[in-house]
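The block underneath contains the structure these notes are about, expressed in structure tokens.
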Amino acid sequence: MIGAQKEELIIKIILWIVSLISVSSFFVIFLYMFINGSRVISLEFLTTAPNPIFWTGGIFPQIIGSLYLVALCTVIAAPLGILTAIYLSEYAVDNLITKIARFFIVTLAGIPTIVIGLFGLAFLAYRLNLGISLFSAGVALSFLTIPWTITVSEEAMRAVPKEYREAALALGATRWQTTWHIVLKTAAPWIMTGILLGIGKALGETTIPLMCGGSGLETFIPRSLFEPVGSLPVYTFIFATQGNVSSAYDRAFGGSLVLILMFLLISVSSLIIRNRYQKKMRT
Amino acid sequence: MVNLEGKGGMKREGQRSLLEKAIEIILFVGALSSIIIVFLIIAYMSLEAYPALNLDFLLGWFWDPKKEMFGIFQIIVSTLYVGVGAILITTAIGVPTAIFLAEFCPRNVRNVIKPSIELLVGIPTIVLGFFGLMVVIPFIRDNFGGWGTSVLAGWMILAIMSLPHVISISEDALRAVPNSYKEAALALGATRWQTVKKVLLPYAKTGILASVLLALGRVMGETMAVTMVIGNPRVAWIPTSILDRAKVLTSTILLDWSYVEIPSMHYHSLFGIGLVLFFIVALIDVTATYMVKRGVIK
Amino acid sequence: MKQISTKNCTHDDLMVNDAKIDVRKLNVWFGDNHVLKDINLKIREKTVTAIMGPSGCGKTTLIRSINRMNDLINGSRTLGEVYIDGYNIYERNTNVYELRRKIGMVFQKPNPFPKSIYENVAFGPKIHKMARGKELDDIVEKSLKEAALWDEVKDRLHNSAFSLSGGQQQRLCIARALAVKPEIILMDEPCSSLDPTATARIEALLRRLSEKYTVVIVTHNLQQAARVSDFTAFLYMGKLVEYGDTKRVFENPQSELTEKYITGEFG
């Protein structure tokens, strides 16, 4: 039997060590990618198209393609997600329809990306004849971020104090005026945070653009919604698994690092917005 | 005097309420979008999977497209094997980290680590898969033998992937314990660890379990990271050692898709796998979500 | 004090025909909970009427039924009539938005919007399209003056409303309600979260407002009811127990319950 004090000390040491392992695992991965990726990244790498025959070249079309994909996905997901959130938070009483809707939102959030990808490929691209294209991939990606946008937006709106709504309604504002002028304005920064995190999610998603967007080796920027689109994650996947030459691995490192940097940029800015908002709410 | 009749009076709701009605309908239609999307996905997947859905598919032992054998039982078992193993590792590392962050960590350190971990929840899995391919696989091959691509590699990469998730939600659950409970225990002379063991963990149990379940759903549905490190033999088998290669549901769809003939039983079976995967993950997710809800009310 | 002809009137004496607000046989349920039971109450124009009673007696529900704010509560049901200038507001095609514009409301806790001082006051006129530009500025200024806040905020109209003190915030909420040109002002324990100095200012303001508006104030503070109101209604367990001239209610309560409440035996 060891004393409580001693036990406490041992536990503390164990917790420190385990925590150090879990936190440092990410640090190690990032460091590894930075070291290997930074050797590859150059202006030329960022501004030229890949050469799929010799596994050389740059990632310019993939960067632009990723941005296109994320933009299309957000254009679809943000309005739909916010509309749903408004309905659930401001309009619907807790009735059967709301309960069903919530159940399906949870379900949609859990659908594995491979299933969305398969659906996008077979239904959007083949059945609806939209082709392996920017459009098919963008729509399929929005299925991934819609539930996310709903959840975050609804949380943000529910966090708006009930007193604001009452004050507006008592002044004779309609439900929509209250929602638009008071609830949405107050919750906007938080909703923005949610949309940014959704963008980060869509940006890093590989399976969906791989299955219904394009091969990742595109040497061109799509000129219409219905052309295939290259993207950074798919590029990285293809170069990492199909190349088998050192120039291919190098480029996969480069692609990874650019992807990480873009992801961090988006996530950190969302954190900054959130912190500012929290500070503002306190004063 | 209050104006009772006519324009702008108390009577007649007029244009304003018409607009209100229109907006409500638009919002309602918007709210239906998720339901429609899920229905569309399930309906189309079922339609394409229908020819393959039978007991031979679900309980069939062998998956070998070349021999026209499409039984996914071994693939399901492998998926559970890989998923549950990874989650056990995650839990073993993630929950102590959450306890550390919630209770033992200096405040300023926590204020840096917690947001970083929340941020890592969305880390692109391709990066983790690539790291596994370049570092973990050679490491296993050189030190433990075998191909390198293995269940063990899958466990490690998936554990890293789901770690931020488990840490973040478990820590929230631990911090949701009312301070008065904690202080009551500390005031009785309990050490911090005793307080954690006797007060915090029992209270946060549901939340932690839910986070672990949610992570299990994510891990079993993950494609990219796992495909890159798991080995994917063409013929499915249940791995007998952790250094064995394995074939999981997600990687089967992704890799078999590249050489499938349309239409064929192979093609329909891939949709069948998608459907099975969908239902397994949905079941886990819905369970976890309702657990959280019930837990919060309690 | 204002001139009131019926100095020592009782409930029945107040059943006059020229009431601004006339509540008849009002019943309100929240789910199975019968909150208001057969309330009859006539409130005169340009007076201050206090509604008091122990917590949970239905005072807040009563004033919220005057501008139909109870409609917003899930599972609420209202039976009976509330006439305002002779018009039953529970009639089917009542325009509730217009109704709520004509009846200002001030809440228990100051609840300014997270906007600037100016935007707070301008919110109502804007959504009702009452004014814009210079005209709107005038409304804002006039309302703030009426709420005795103008001098304190005129140089920082575009600062956040949260930069004001609690008492100032409550006066801002009053100005916000005045900006849409109401005729009736409902106040739900407006001073319960304020310190004595801020309370005194609001009470002084209240007296002045009653020259122009019909004020109904809910309070559980007896002294406050005695200080500011012309008439007092005492509510107990959803029933109107006593109603009449404030002085009379306090000095010569007719109901035993009222007497007990006033002497502090419960509450």
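The values are calculated or read from the model by the stated rules, or taken from the named source; none is laboratory data. What you see is a predicted model; the values in this text were computed from it and never measured. Ideal geometry is used to build each Cβ from the backbone, glycine not excepted, and the neighbour counts take in all protein chains shown.
Worth a mention:
- Complete set of residues in segment A:225-259 that are more than 28 Å from B:V260 (Cβ to Cβ) and among the polar types (S, T, N, Q): A:S246, A:S247, A:S256
- Of all residues in segment C:109-118 being surrounded by fewer than 20 Cβ atoms within 10 Å (Cβ to Cβ) and more than 20 Å from the chain's Cα centre (by Cα), the one that is nearest to C:D137 (Cα to Cα): C:Y118
- Taken together, the residues in segment B:198-222 that are farther than 11 Å from B:S162 by Cα and more than 14 Å from chain A (Cβ to nearest Cβ) amount to 9.
- Filter result for the condition that a residue is in a helix (DSSP H, G or I), over 20 Å from B:W61 (Cα atoms), within 12 Å of chain A (Cβ to nearest Cβ) and at pLDDT 90 or above, over B:V226, B:V292: B:V226
- Of the residues making up segment A:112-166, those that are in a helix (DSSP H, G or I), more than 24 Å from A:P222 (Cβ to Cβ) and over 21 Å from the mean Cα position of the chain (by Cα) are A:R158, A:K162, A:E163, A:Y164, A:R165, A:E166.
- Set A:R127, A:R102: member being more than 8 Å from chain B (Cβ to nearest Cβ) and among the basic types (K, R): A:R102
- Filter result for the condition that a residue is within 29 Å of A:I14 (Cα to Cα), within 14 Å of chain A (Cβ to nearest Cβ) and at pLDDT 95 or above, over B:I89, B:I117, B:I123: B:I89
- Among helices (runs of 4 or more DSSP H) entirely within segment A:1-105, having at least 3 residues that are touching a residue at least 24 places away in the same chain (Cβ under 8 Å) and not aromatic (F, W, Y) singles out A:4-38, A:60-86.
- Flag if A:L232 is at the interface with another protein chain (Cβ under 10 Å from one of its Cβ atoms) and farther than 27 Å from A:S133 by Cβ: no
- Some residue of segment B:208-231 being in contact (Cβ under 8 Å) with a residue 12 or more places away in the chain and on the phi > 0 side of the Ramachandran plot: yes
- Residue in segment C:176-188 that is touching a residue at least 24 places away in the same chain (Cβ under 8 Å) and farther than 21 Å from C:K102 by Cβ present: no
- Just one of the listed residues (C:R92, C:R101) is within 14 Å of another protein chain (Cβ to nearest Cβ), touching a residue at least 40 places away in the same chain (Cβ under 8 Å) and among the charged types (D, E, K, R), namely C:R101.
- Qualifying residue in segment A:78-92 (condition: within 22 Å of B:R218 (Cβ to Cβ) and of a type in the set (D, E, K, R)): no
Conditions tested, residue by residue: (1) within 14 Å of chain A (Cβ to nearest Cβ); (2) closer than 28 Å to B:L19 by Cβ; (3) outside any helix (DSSP H, G or I).
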site: C:P112; (1), (2), (3): yes, yes, yes
site: C:M130; (1), (2), (3): yes, yes, yes
site: C:S143; (1), (2), (3): yes, yes, no
site: C:A148; (1), (2), (3): no, no, yes
site: C:D151; (1), (2), (3): no, no, no
site: C:R156; (1), (2), (3): no, no, yes
site: C:R201; (1), (2), (3): no, no, no
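- Hits in segment C:70-108 (condition: in a loop (DSSP other than H, G, I, E, B), surrounded by fewer than 18 Cβ atoms within 10 Å (Cβ to Cβ) and touching a strand residue (DSSP E or B) at 6+ places or on another chain (Cβ under 7 Å)): C:I73, C:G75, C:Y90, C:N93, C:Q108
- Selection from segment B:158-190 of residues that are within 14 Å of chain A (Cβ to nearest Cβ), among the hydrophobic types (A, V, I, L, M, F, W, C) and assigned to a helix (DSSP H, G or I): B:L158, B:A159, B:I160, B:M161, B:L163, B:V166, B:I167, B:I169, B:L174, B:A185, B:L186
- Taken over segment A:183-212, the criterion of being of a type outside the set (S, T, Y) and away from chain B (no Cβ under 14 Å) is satisfied by A:K185, A:A187, A:A188, A:P189, A:W190, A:I191, A:M192.
- Near pairs, Cβ below 6 angstrom, 6+ apart or cross-chain, from segment C:154-168 (surrounded by 14 or more Cβ atoms within 10 Å (Cβ to Cβ)) to any residue that is in a helix (DSSP H, G or I) and of a type in the set (G, A, S): C:G167/C:A198
- Matching residues, segment B:229-242, being away from chain A (no Cβ under 12 Å) and buried (at least 19 other Cβ atoms within 10 Å of the Cβ): B:I230, B:G231, B:A236, B:P239
- Of the criteria (1) part of a helix (DSSP H, G or I); (2) out of contact with any strand residue (DSSP E or B) (no Cβ under 7 Å at 6 or more places or on another chain); (3) more than 11 Å from chain A (Cβ to nearest Cβ), which one B:S78 fails: (2)
- Filter result for A:A92 (at pLDDT below 90 and within 26 Å of C:P114 (Cβ to Cβ)): yes
- Single residue of segment B:243-287 satisfying the filter (among the charged types (D, E, K, R) and either outside any loop (DSSP other than H, G, I, E, B) or within 11 Å of chain A (Cβ to nearest Cβ) (or both)) that is farthest from B:R141 (Cα to Cα): B:D285
- Residues considered: B:W193, B:W147. Of these, the only one that is more than 18 Å from the chain's Cα centre (by Cα), more than 30 Å from A:K201 (Cβ to Cβ), at the interface with another protein chain (Cβ under 10 Å from one of its Cβ atoms) and not basic (K, R) is B:W193.
- Under the condition of being surrounded by fewer than 20 Cβ atoms within 10 Å (Cβ to Cβ), in contact (Cβ under 8 Å) with a residue 24 or more places away in the chain and in a strand (DSSP E or B), the residues counted in segment C:32-69 number 4.
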